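Peer 1: Here it is, the structure, as structure tokens.
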Amino acid sequence: MHGDYRLDRVVVPSHYDIEIEPDLEAAVFSGSVGIDVEIAEPTSQIVLNSIELDLQTATVSADGVVHIVSVTRDEERERATLSLDSELPVGAARIEIRFAGLLNDDLRGFYRSVYTTDDGTERTIASSQFEATDARRAFPCWDQPDFKATYSVRLVIEDGLMAVSNASEISRETLDSGKIRVSFAKTMKMSTYLVAFIVGDLEATEPVDVDGTALRIIAPPGNMHLTAFALDMGAHSLRFFSEYYDIPYPGDKLDMVAIPDFSFGAMENLGCITYRESALLLDGDKATQAETQRVADVIAHEIAHMWFGDLVTMKWWNGIWLNEAFATFAEMLCVDAYRPGWKRWLAFAQFRGLSQETDALSATRPVVVEVTSPEDANAMFDVLTYQKGSAVLRMLEQYLGEDTFRAGVTRYLKTHAYSNTDTPDLWAALEAESGEPVGEIMNSWIFQGGFPSVLVARVAAGYELNQKQFQYLGGGGRTWHVPVLYRSGGKTGQIVLGADPATIEAGNGLVVNAGGEGFYRVIYEDALFEDIVSRLDELTALERFSVVADLFANVLSGDATAGEYLSLVSRITDEDELDVWATALGGLADLSRIISSNDKGTMESFVVGLVRAKSSELGRDVREGDSDRTKALRGLLLKTLGTLGNDPETIEWARQAFDSRDELDPEVADAVLGVVAGNGTIDDLDRLLAISESATDPQTKIKYLRAATLGPDTAAADRMFTMVLDGSIRSQDTFWVVALLLGNKETGAHVWGLMKENWDATLSAMPILNARRMLDLVQHRSEPEVAADIIAWLETHPIASGEKHVAQKMEQLSVRVALRDREAARLGIELQRFTT
């Protein structure tokens, strides 16, 4: 046995026969499980996982003998021990257990989700969410990823309800009680966390045949008009990945199910993917490009998992990055192929930046760390697992070449199909295809936290490259094997930069991190940086993005000044790329939060001067031939004028457009909403909430609820916070609502006081696994006294599965406090250089 939580392999399951009968009205369920196991050595005890289940009866049969069993439960270690009257011999055995449990409200295990129909009737769905370690809340099992088995599921339901599981329905039987027993085909060999069962009043689209795989969208009634995009994206993803991996889809059908209450974005249950409604259902006429892209991203991500995660699975939770990082990388490939005009890899740079912000902290962690307990496993689902992991895979792919990388992935999947792997198994497959020392390179990125800056200086022989660890608050002496791509005079080159300096022979016009895909910052010596800035229009969009992002990162670390950043962004007035603008304006938004109130108007004037020309060029109305990204840029600039720029004319236009209720392009409508909400009053709150409540598509519902958190009015913040506590806001949404309220520039400090006063109630209002996320924007509370109070409070008020996340957020907060201390007084003077 490993630690207190990992089971030994004396008894190993091979197949589960599961029958579950939920009572939706009473919020309980009963069930039975028959487990075929192999006994590796004689034993009189069988230990498996179980928590919050009443194990009513149990028997074990072997060699024709039925053994008397006593059951002991250990809720703390989430186990049950079956003690037998005599020793089991080596060989096959069968375990039979009857059990009962509660349909909980925690959005984990087998839980209940409630929705209201158009006529006001409340309906309940029973749904499952088992990752990471919650299958044990629904049926007793060996709840570890390396105990793969097959599953035959039967669900006993009320007549008229729908039942869905991982495999195709194979039979229906009417019982004497009038209920229906629905049986499903045997699954492939897979881990317990991928098992799914869903029961409720649901509707399904007609199945679409995708090269032999039946694809359906399932949702609560009244949503079928929102399924067309998901069907199209799902079909594209199935075909894309079957071809990319060179392996057929491993399931016998694919249902994608929208659940009204869901703690994550989606869950990759084989053949039965579950989603938040906003991540699957979409009104294409109302959705912005970002909203549409998110649905595409999530669908592609989950379907990528059918191979990378479901067919081949990590051995233990320390390797969860193998699942999530690759699926994130693969979703970008798939969506980029689906809509090349979205420039998905350029947009991905913003997600990479989120992980770099965490990875530049002393409180970062390696992508792969030791995992002992269920709480440890749940803490692994963060930006380092997803965004850093996928970003370093993209860096490696660009270094090895796309075809070579793809061949390595296919080798890995075919070699380890239906089994479990560790990180070295992926490196071995990539090394076999590339001949490169992939393990040596990548272990430095996966098994240690942080990342470097690559320093570039001119020397007699060309250019010298060196590296140092990039950390906001200094320190850190780690080094990496850095795959560096560079370009000069139209010629490209690549090296792996190690701990020692390296010299490259190149001419004028050097660009380091050519293509902009490296997971590192680039710091040029002064003359070289001036040359780069003078040639911004010669760089690719992703390279321009990196120049801006790298400089602001150095402003946060104190290695560059805000004045230098203002000088750089003042040069992008003619920029056409959405993501370059987004990162530039993101840095200005950070600076606007720490500037003296006396200089606020100067900052607003700078912002208006920066974006006015491009915004005027794009106008307020859609033009023939506008791409999706052009429309999105129009919306971003209009919103910036009316919020960060506080431009009276834009605010007045937005108010009139909002009040007129005229139909607008979705991007313009989103900008109007942002401007009105950001300048709103308590009187606006009722309207925003009413529109959210009556919305017929999930994106509108979410965006108006989000808008309700943005106003500068303290009374509005009070009301929103009360709605979190009294259950008016769904528990799945409470963590991000609180995060936005806490991050609100005007009212966030007040909201922090409310959180302290109602700490236990606030935590109780959100799913346990999401509670730490309410601090996602806490770095915006950089007012010194408020920041000190937050840090002191959280030292004595821990959050479940949140120790590392809280430490990271507190360090991010300290970084912003230091930024305020350095720049607040002089920022106004620097701004005057550009506004006078």
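The values are calculated or read from the model by the stated rules, or taken from the named source; none is laboratory data. Please read these numbers as outputs of a predicted model, since none were measured by experiment. Reconstructed Cβ throughout: ideal geometry from the backbone, glycine too, with neighbour counts over all protein chains shown. Please note that ligands, DNA and RNA were not included when accessible areas were found on the heavy atoms of the full protein model with its side chains. Shrake-Rupley method; radii C 1.70, N 1.55, O 1.52, S 1.80 Å.
Peer 1: Could you calculate the contour length gain from residue 416 to residue 623, that is, 0.36 nm times the residue separation minus the distance between their Cα atoms, to one decimal place in nm?
Peer 2: Residue separation times 0.36 nm, minus the Cα-Cα distance, leaves 69.4 nm.
Peer 1: May I ask you to evaluate 6.51 cos²θ - 1.76 cosθ + 1.60, the Karplus curve with θ = phi - 60°, for each residue of the range 415-420 and list the ³J(HN,Hα) values in order in whole Hz, giving x for glycine and proline?
Peer 2: Per-residue couplings from phi come out as 5, 10, 3, 6, 10, 10 Hz.
Peer 1: Turning to a different aspect of this structure: Computed from the mean reciprocal separation of all distinct C-alpha pairs, what Kirkwood hydrodynamic radius does the range 161-243 have, in Å?
Peer 2: Final number for the Kirkwood radius of the range 161-243 is 14.8 Å.
Peer 1: Sticking with this structure for a sec: Let me see the P(r) profile for the chain: every Cα-Cα distance counted, bins of 20 Å, each bin given as a percent of all pairs.
Peer 2: 15, 47, 32, 6, 0
Peer 1: Please work out the ratio of the alpha-carbon Rg of the range 281-327 to 2.2 N^0.38 Å and round it to two decimals.
Peer 2: 1.47
Peer 1: Follow-up. Work out the length of the dipole vector of the range 670-734 about its Cα centre, built from +1 on the beta-carbon of each Lys and Arg and -1 on the beta-carbon of each Asp and Glu, and round it to the nearest 20 debye.
Peer 2: 180
Peer 1: Now a separate question. About the Cα centre of the range 259-345, how large is the charge dipole given +1 on each Lys and Arg Cβ and -1 on each Asp and Glu Cβ? Please answer in debye to the nearest 20.
Peer 2: 240
Peer 1: Another question, then. Across the range 31-36, in residue order, what do the Karplus-derived ³J(HN,Hα) couplings come to in whole Hz, using 6.51 cos²θ - 1.76 cosθ + 1.60 with θ = phi - 60° and x for Gly and Pro?
Peer 2: Working through the residues one at a time gives x, 9, 9, x, 10, 7 Hz.
Peer 1: Set the Förster distance to 30 Å, then compute FRET efficiency between residue 122 and residue 41 from the Cβ-Cβ distance, nearest 0.05.
Peer 2: Computed FRET efficiency for residue 122 and residue 41: 0.05.
Peer 1: Still on this structure: Ordering 468, 756 by how much accessible area each has at a 1.4 Å probe, largest first, what is the list?
Peer 2: So, going from the largest accessible area down, we get 468, 756.
Peer 1: Taking Cα atoms, how many degrees apart are the long axis of helix 228-245 and the longest axis of the chain, rounded to 10 and kept between 0 and 90?
Peer 2: The two axes meet at around 80 degrees.
Peer 1: Given the alpha-carbon gyration tensor of the range 286-437, what are the semi-axes of its equivalent ellipsoid in whole angstrom, ordered largest first, with each equal to the square root of 5 times an eigenvalue?
Peer 2: Working through the eigenvalues yields semi-axes of 23, 20, 16 Å.
Peer 1: For residue 224, what accessible area in Å² do you get when you roll a 1.4 Å probe over the heavy atoms of the protein chains, rounding to the nearest 10?
Peer 2: Surface open to solvent at residue 224 totals about 60 Å².
Peer 1: For residue 756, list the lysines whose Cα falls under 25 Å from its own Cα; do not include residues on the same chain fewer than 8 positions away.
Peer 2: Partners within reach: 745, 804, 809.
Peer 1: Shifting gears a bit: Over the range 80-165, what is the relative contact order in whole percent, taking alpha-carbon pairs under 8 Å and six or more residues apart? Present the calculation step by step, with values, prior to reporting the outcome.
Peer 2: On the way: 72 pairs, mean separation 15.3, N = 86.
Relative contact order of the range 80-165: 18 percent.
Peer 1: Report the accessible area of residue 206, computed with a 1.4 Å probe over the heavy atoms of all protein chains in place, in Å² rounded to the nearest 10.
Peer 2: 150
Peer 1: Continuing with this model, one more query. Which whole-number value in Å² is the accessible area per residue of the range 68-187, probe 1.4 Å?
Peer 2: Dividing the accessible area of the range 68-187 by its residue count gives 40 Å².
Peer 1: If I compute solvent accessible area with a 1.4 Å probe over the protein chains, what percent of it on the chain is carbon and sulfur?
Peer 2: On the chain, the fraction of accessible area on carbon and sulfur atoms equals 47 percent.
Peer 1: Another question, if that's okay. Consider a paramagnetic label point 7 Å from the Cα of residue 12 along Cα→Cβ; state which residues of the range 29-47 have an amide N under 11 Å from it.
Peer 2: So the set is 38-41.
Peer 1: Where a ≥ b ≥ c are the square roots of the eigenvalues of the C-alpha gyration tensor, would you call the range 1-156 rounded, which needs a/c under 1.5, or, failing that, prolate if a/b is larger than b/c, or oblate?
Peer 2: It is prolate, given that a/c is not under 1.5 and a/b is the larger ratio.
Peer 1: Moving to a separate point now. Given the protein chains as shown and a 1.4 Å probe, how many square angstrom of residue 372 are accessible, to the nearest 10?
Peer 2: Probe radius 1.4 Å; accessible area of residue 372 about 50 Å².
Peer 1: Taking the Cα atoms only, what angle lies between the long axis of helix 344-359 and the longest principal axis of the chain, rounded to 10 degrees?
Peer 2: The angle comes out near 90 degrees.
Peer 1: Ignoring ligands, DNA and RNA, how do 559, 106 rank by accessible area with a 1.4 Å probe, largest first? Each step should come with its number before you reach the end.
Peer 2: Details: 559 100, 106 60 Å².
Solvent-accessible surface, decreasing: 559, 106.
Peer 1: Which ³J(HN,Hα) values in Hz, rounded to whole numbers, follow from the phi angles of the range 134-151 under the Karplus curve 6.51 cos²θ - 1.76 cosθ + 1.60, where θ = phi - 60° and Gly and Pro get x?
Peer 2: 10, 4, 5, 7, 10, 7, x, 6, 8, 8, 10, x, 8, 9, 6, 7, 9, 9
Peer 1: Ordering 263, 362, 278 by how much accessible area each has at a 1.4 Å probe, largest first, what is the list?
Peer 2: 362, 278, 263
Peer 1: Tell me which residues come under 5 Å, amide H to amide H, from residue 467 once H is placed; ignore anything under 5 positions away on its chain.
Peer 2: Answer set, sorted by chain and number: 455.
Peer 1: With contacts defined as alpha carbon pairs under 8 Å and 6 or more residues apart, what's the relative contact order of the range 581-665 in percent?
Peer 2: Relative contact order here is 33 percent.
Peer 1: Here's another thing I want to ask about it. On a straight-distance basis, which aspartates and glutamates could pair with residue 286 in a cross-link, Cα separation under 14 angstrom, same-chain partners fewer than 8 positions away excluded?
Peer 2: Once the sequence-local aspartates and glutamates are set aside, what remains near residue 286 is 628, 662, 663, 665, 667, 670, 697.
Peer 1: Checking the table 148/388; 343/631; 600/631 against a 25 Å threshold on Cα-Cα, which pairs fail?
Peer 2: 148/388; 600/631
Peer 1: Could I ask something else about it? Treating the beta-carbon of each Lys and Arg as +1 and of each Asp and Glu as -1, no other charges, what is the dipole magnitude of the chain about its Cα centre, to the nearest 20 debye?
Peer 2: Details: 75 positive and 129 negative charges, 254 e Å.
I would put it at about 1220 debye.
Peer 1: What number comes out for accessible area per residue over the range 640-798 if the probe is 1.4 Å? Units Å², please.
Peer 2: Result: 41 Å² of accessible area for each residue.
Peer 1: Next question. Which whole number of Å³ per residue matches the convex hull of the alpha-carbon atoms in the range 728-794?
Peer 2: Values: hull volume 5.3 nm³, N = 67.
Output value, Cα hull per residue: 80 Å³.
Peer 1: While we're looking at this one, here's another question. Pairing the Cα long axis of helix 748-757 with the longest principal axis of the chain, what angle in degrees results, from 0 to 90 and rounded to the nearest 10?
Peer 2: Tilt of helix 748-757: around 30 degrees.
Peer 1: Name the GluC sites (Glu not before Pro) in the range 604-687 that are in a loop by DSSP and that have at most 12 other C-beta atoms within 10 Å, would you?
Peer 2: Within the range 604-687, the qualifying GluC sites (Glu not before Pro) (loop, at most 12 other Cβ atoms within 10 Å) are 624, 663.
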